[in-house]
1. Multiply the residue gap between Val214 and Asp54 by 0.36 nm, knock off their C-alpha separation, and tell me the result in nm, one decimal place.
2. Grab the Cα-Cα distance for Tyr175 and Ala222, subtract it from 0.36 nm times how many residues apart they are, and report the gain in nm with one decimal.
3. Given an 8 Å cut-off on Cα distances and at least 6 residues of separation, report the relative contact order of the chain as a percent.
4. State, to one decimal in nm², a quarter of the convex hull surface area for the C-alpha atoms of the range 103-158, i.e. the direction-averaged projected area.
5. If you take every DSSP beta bridge fully contained in the chain, what fraction is antiparallel? Give it as a percent rounded to 5.
6. Among the aspartates and glutamates, which fall within straight-line cross-link reach of Lys238, defined as a Cα-Cα distance under 14 Å, with same-chain neighbours fewer than 8 residues apart omitted?
7. Please give the Cα centre distance for the range 229-266 versus the range 91-111, rounded to the nearest Å.
8. For the range 87-150, what is the charge dipole size about the Cα centre, in debye to the nearest 20, if Lys and Arg each add +1 at the Cβ and Asp and Glu each add -1 at the Cβ?
Amino acid sequence: MTDAHHKSGYVALIGKPNVGKSTLLNTMMGMKLSIVTNKPQTTRRRVLGILSDDHYQMILLDTPGIIKPRYGLQEAMMKDVRTSTSDGDILVFMADATRDSVDDLSLEFVGDTPAILVLNKIDKVKQEDMLPLVAAYTEAHNFEEVIPISALKGRNIEVLLKAISDRLPLGPAFYPKDMVSEQPENFFISEIIREKIFKQFKQEVPYATQVNIVSWELKDDAKDVINAEIIVERDSQKGILIGKGGKAMKKVGTYAREDIEDFLNRGVYLKIHVKVRDNWRNSDTQLRSFGFDK
């Protein structure tokens with residue numbers, strides 16, 4: 001029997017890099033769906049999380065941090081943000097409470113969709129120090145509500161969830177209530193590997209890498225065998241990733257395998273190979289082959 005009062009809708013989380021969108025998605029979901037590092041632009045494509053209870057279903061869209069694109073991959077990332085804001089019934093506009101200026105570039109993506117201003121990282125700032133920033137944002141845009149939170153500490157998350165659910169349109173669930181994402185396991189496995197690269201390497205190397213799952217052999221009575229490839233743009237980047245005697249890549253593989261086994265709840269053999277594809281981040285053909293659409 002359909003609940004006439006049930007609500008369902010898409011909720012896009014948007015904002016500049018490192019503002020805490022992925023941390024917020026994971027906190028709201030109560031599980032890790034989006035990879036998180038201290039480097040900006042870790043998220044490259046939107047990650048969909050499905051949060052359901054008896055009365056609503058929120059389809060949460062974690063999006064790449066909003067930037068001015070400098071190459072093809074970043075253009076595809078910004079297209080993903082625009083698609084998400086277009087799909088969203090509600091926008092959660094995230095801002096860093098420790099900053100003192102308005103993120104004008106991200107505001108350009110809001111449009112006419114109802115938006116909630118979420119000031120994140122309130123655990124790092126005094127409440128009175130946020131007031132000028134709140135005033136500046138509310139003058140720049142007519143937000144539905146302003147909610148200060150700490151995504152990392154879980155503060156005011158229930159307040160935010162209620163504000164979102166109150167504004168969801170009436171309608172049946174789009175997905176089964178026990179479903180948490182529509183993305184395949186391959187996607188999450190490749191993201192786990194990419195997270196380890198972002199955490200282990202500095203400067204340009206993480207941004208020049210793309211991780212693909214080449215094959216996955218399921219075993220009933222033994223560990224699964226997963227073959228992954230890491231794409232880089234130059235031989236020098238390949239050398240850095242592999243490291244002297246293969247030590248750097250072995251470290252990536254060990255940490256990734258541990259998280260993959262936790263994610264899958266079974267043992268795996270993880271085999272990783274590094275390949276060079278010159279300037280792939282600006283190649284339309286290669287970007288499309290990796291699932292990015294400019």
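1. Full-extension gain reported as 53.7 nm.
2. Once the chain is fully extended between Tyr175 and Ala222, it gains 13.7 nm.
3. After rounding, I find 19 percent.
4. Answer in nm², one decimal: 4.2.
5. Here the antiparallel bridges make up roughly 35 percent for the chain.
6. Output for Lys238: Glu204, Glu229, Asp278.
7. 35
8. 320
Throughout, read-outs are computed from the coordinates displayed, never taken from laboratory work. Predicted model only: the values in this text are computed from it and were never measured. Quick reminder, even Gly has a Cβ in these numbers, built from the backbone with ideal geometry, and neighbours come from all protein chains shown.
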